[in-house]
Amino acid sequence: QVQLVESGGGLVQAGGSLRLSCAASGIIFSAAIMGWYRQAPGKQRELVASITTGGSTNYADSLKGRFTISRDNAKNTVYLQMNSLKFEDTAVYYCKSNGLGRIYWGQGTQVTVSS
């Protein structure tokens, strides 16, 4: 059974930081491209960042310099470090795996930034 379990979301003041984690099970983690997406109320889900099996990263242009994605293959976990958070970063953040022809999503974790 595949599970992607996000954690680390919560309420933070503008300018603060959060670190999201996504623990994966039931997949060959080292063979999967991992990504973080977010969906704000009334908006479409959008890519935040992704990381390949080799560690190459890709970010939404608007988030470069504030967010950092990383992965620990030994722990089957992908992280998203979010700094200098803004009110507009408020959203549900989702973890996604893409590997060996299969795509899976986590349930999401809420991030709320107070202005």
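Taking the solvent-accessible surface of protein heavy atoms with a 1.4 Å probe, what is the per residue accessible area of the chain in Å²? Mind showing how you got there, number by number?
Numbers: 6150 Å² over 115 residues.
In whole numbers, the chain has 53 Å² accessible per residue.
In straight-distance terms, cross-link reach from Lys75 covers every one of the lysines whose alpha-carbon lies under 29 Å from its own, apart from those fewer than eight places away in the same chain; here that gives Lys64, Lys96.
Per atom type, the range 39-103 shows carbon and sulfur on 45% of its accessible surface, probed at 1.4 Å. Rounded to the nearest 20 debye, the dipole magnitude of the chain is 80 debye, with +1 charges on Lys and Arg beta carbons, -1 on Asp and Glu beta carbons, and the Cα centre as origin.
Close amide H contacts of Lys86 (hydrogens built in the peptide plane, cut-off under 5 Å, sequence separation of 5 or more or a different chain): Gly15. The Cα atoms of the chain cover 41, 25, 24 Å along the three principal axes, with the biggest extent listed first.
Each residue of the range 3-18 is assigned a 3J(HN,Hα), and the resulting list reads 9, 10, 10, 8, 8, x, x, x, 9, 9, 7, 4, x, x, 10, 9 Hz, derived from the Karplus form 6.51 cos²θ - 1.76 cosθ + 1.60 (θ = phi - 60°), x at Gly and Pro. Rounded to the nearest 20, the Cβ-based charge dipole of the range 6-74 about its Cα centre (Lys and Arg +1, Asp and Glu -1) stands at 140 debye.
The values are calculated or read from the model by the stated rules, or taken from the named source; none is laboratory data. Remember, it's a predicted structure, so these values are computed and weren't measured experimentally. Neighbour counts are summed over all protein chains in view; Cβ atoms, including those assigned to glycine, are modelled from backbone coordinates with ideal geometry. Quick note on the areas: whole protein, heavy atoms, side chains included, nothing else; ligands and nucleic acids left out. Shrake-Rupley method; radii C 1.70, N 1.55, O 1.52, S 1.80 Å.
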